[in-house]
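Enquirer: Right, I'll just put the structure down here and ask away after.
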Amino acid sequence: MGSRFEITIVAKDADLGNQYIDIATAEISRIERLISSWDPNSQTSEINRQAGKKAVKVDSELFQLIERSIGISKLTDGAFDISYASMDKVWNFDGSMKKLPSEEQIAASVAKVGYQNILLDKQKNTVFLKQEGMKIGFGAIGKGYAADKAKALLISKGVSSGIINASGDMNTWGEQPNGTSWKVAITNPMDKNKVFALLPIKNGAVVTSGNYEKRVSLNGKQYSHIIDPRTGYPSEGIVSVTVFAPKAELADALATSVFVMGKTAGMDRINQLPEIECIIVENNGNIIKSKNIEINKQ
């Protein structure tokens, strides 16, 4: 998945702890083999190869992940869309881009994006992408899903407490050995070497999406690397989104979605969802939080 996973667990001794961590690592690798669009042997790659040609029979696990992804697309009015992988790369954030892409280039870049064109057959467990050249990818949900699966497996093995950090997607359960809650730090997007909040997490996930590391400035305006899959244009106005949810998969998907939807529509949608909370940091440093979050200055 091109991501670093750090697994911390509470165990009676180091040997037992390492055995559990090996089990979790194997589970994460298994999921990568299933969902990675970079692995030519994965079922996801086969779906992409057969786009516009024929439906592909897949494992129930992958089918259900795609089904849930489409559900999140509907929930976010298309701000989240696994068919974003069909997008042509007309924006570059490595410093090489000297002028904006044309309106025509941007419109063409998203011509094959659209979750409505992912057709599922529940009876046959098949997935069909309607347009040739269409692709799906799990870059905005895969890490969270892998963290959820590894956590569930460790709990089933009797591991009472731990934290999985999937490149910033934090998934916790239980307590630290001293009886206190795990604490998750949120990076200050105005200075990524500092933390602006430290939050206790009992049993759930926290995911932060930030655009402070990949941006480009053109004609006096900042553009983010987080692209709206509906329009092909970069998101604006937000530098950081942190989402709290029972599962990392959902937190992962919603963090990206709120960026794309913008502060008003994004926070309005979050406030309608049970057990989901959010903190948004705007370009000017202003902090917006969902209704059940309190931040105390210390």
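The values are calculated or read from the model by the stated rules, or taken from the named source; none is laboratory data. None of these values were measured; they are calculated from a predicted model. Cβ coordinates were reconstructed from backbone atoms using ideal geometry, including for glycine residues, and neighbour counts include every protein chain displayed. The accessibility values were calculated without ligands, DNA or RNA, using every heavy atom of the protein model including side chains. Shrake-Rupley method; radii C 1.70, N 1.55, O 1.52, S 1.80 Å.
Enquirer: Of the residues in segment 227-259, how many are over 16 Å from Lys291 (Cα atoms), of a type in the set (Val, Ile, Thr) and within 13 Å of the chain's Cα centre (by Cα)?
Expert: Counting residues in segment 227-259 that are over 16 Å from Lys291 (Cα atoms), of a type in the set (Val, Ile, Thr) and within 13 Å of the chain's Cα centre (by Cα) gives 1.
Enquirer: Scan segment 84-122 for residues that are part of a loop (DSSP other than H, G, I, E, B), open to solvent by 90 Å² or more (accessible area, probe 1.4 Å) and within 21 Å of Lys74 (Cβ to Cβ) and jot them down.
Expert: Lys122
Enquirer: Considering Asp15, Asp22, which residue is open to solvent by 60 Å² or more (accessible area, probe 1.4 Å), outside any loop (DSSP other than H, G, I, E, B), under 21 Å from Ala248 (Cβ atoms) and modelled with pLDDT of 95 or more?
Expert: Answer to the selection: Asp22.
Enquirer: Sticking with this one: Could you list, in sequence order, the residues of segment 29-74 that are touching a Phe, Trp or Tyr at 6+ places or on another chain (Cβ under 9 Å), surrounded by 15 or more Cβ atoms within 10 Å (Cβ to Cβ) and not in a helix (DSSP H, G or I)?
Expert: Ser36, Ser37, Gln50, Ala51, Ala55, Val56
Enquirer: Let me ask you something else. Tell me which of these Ser224 doesn't satisfy, since it passes every other one: (1) touching a residue at least 60 places away in the same chain (Cβ under 8 Å); (2) buried (at least 18 other Cβ atoms within 10 Å of the Cβ); (3) within 16 Å of Phe93 (Cβ to Cβ).
Expert: With (1) touching a residue at least 60 places away in the same chain (Cβ under 8 Å); (2) buried (at least 18 other Cβ atoms within 10 Å of the Cβ); (3) within 16 Å of Phe93 (Cβ to Cβ) applied to Ser224, the lone miss is (1).
Enquirer: Same structure again: Could you tell me whether any residue of segment 49-61 is free of Cβ contacts under 8 Å to residues at least 12 places away in the same chain and of a type in the set (Ser, Thr, Tyr)?
Expert: No, segment 49-61 contains no residue that is free of Cβ contacts under 8 Å to residues at least 12 places away in the same chain and of a type in the set (Ser, Thr, Tyr).
Enquirer: Can you name the number of the only condition in (1) modelled with pLDDT under 95; (2) in a helix (DSSP H, G or I); (3) surrounded by fewer than 24 Cβ atoms within 10 Å (Cβ to Cβ) that Met267 fails?
Expert: (1)
Enquirer: Within the set of pairs 6 or more residues apart or between chains, which connect a residue that is closer than 16 Å to Ile201 by Cα inside segment 278-292 to a residue that is modelled with pLDDT of 90 or more and among the acidic types (Asp, Glu) with Cβ atoms less than 7 Å apart?
Expert: Asn292/Glu277
Enquirer: Among Val159, Val216, Val207, which is the only one that is over 21 Å from the mean Cα position of the chain (by Cα) and buried (at least 21 other Cβ atoms within 10 Å of the Cβ)?
Expert: That would be Val159, the only listed residue that is over 21 Å from the mean Cα position of the chain (by Cα) and buried (at least 21 other Cβ atoms within 10 Å of the Cβ).
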